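Down below is the structure, laid out as C-alpha cells.
Only the coordinates and a few stated rules stand behind these numbers; no lab work does. Just so you know, these numbers come straight off a predicted model, no measurement behind them. Backbone-built Cβ (ideal geometry, glycine too); neighbour counts: all protein chains shown.
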Amino acid sequence: MICLLVYRKIEPPAIDLPWKGAEEPENERLDGVTKTLLGVAGLMVVLVGITALLAPPSGIDAMVYHMPRVAMWISNHNVSFFPTRNYTQLIYGSFAEYSIMQSILLWGSDRLTNMVQFFLVDWFGGGSVLHRKKDGRRLTGSSSRRFD
C-alpha cells in the first residue's frame, strides 16, 4: 500500500518535499514490469493487513514473549520486573509491548495487537523508500549503494 502511495501523483502536491526537484527524467519512469511488481506488492500488503486485523495473535513469539509480558503488566498495574522463568520477558526492549498494552487497554481485546507490528513494518518500509528517493538513488534495480 505504501509503495503505491509513494508513486501516486497528487496535483498539486500536498507536501513540498525538499529533495523533490523538477520533473523526473524520462529514464526514471517506471516500466510495465515494475508497475506490475508494485501492484503485486501492494496487494500483498493489503492482504497481510486484513489478516492482521482479523486474526488474533497466535505466533510462537507472541505466545511466549509479547503477550505474557503485557498480561503481567496489566494484571500488576505497573511495568516493573516480575518473577518469570523466561528471562527475555524482562530484558528486551519494550516499545512494541507498550503499544500492544495500550491497544488492549483502549479496545478491551487483543484483536488489534497484530496491527501494531503491521503499521511499524509498513512505516519503516515506506521510510526506506523515501530515504532512497531523497538520496537520489533509483527505486528500481540493484540495491547496491552509489559511491560517487
Checklist outcome for this item: Ordered by fewest other Cβ atoms within 10 Å, a rough proxy for footprinting exposure, TRP107, TRP73 read TRP107, TRP73
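Of the peptides 120-126, 89-95, how do they stack up when ordered by the mean number of other Cβ atoms within 10 Å, highest first? Don't jump to the answer; show the numbers that get you there.
Working: 120-126: 13.9, 89-95: 12.3.
So the peptides 120-126, 89-95, ranked by packing, come out 120-126, 89-95.
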Checklist outcome for this item: Ratio for segment 49-93, C-alpha Rg to 2.2 N^0.38 Å, reads 1.30
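In segment 66-132, what trypsin sites (Lys or Arg not before Pro) fall in a loop by DSSP, with at most 13 other Cβ atoms inside 10 Å? Spell out each step's value before the answer.
On the way: sites: ARG69, ARG85, ARG111, ARG132; in loops: ARG85, ARG111.
Sites meeting the loop and neighbour criteria: ARG85.
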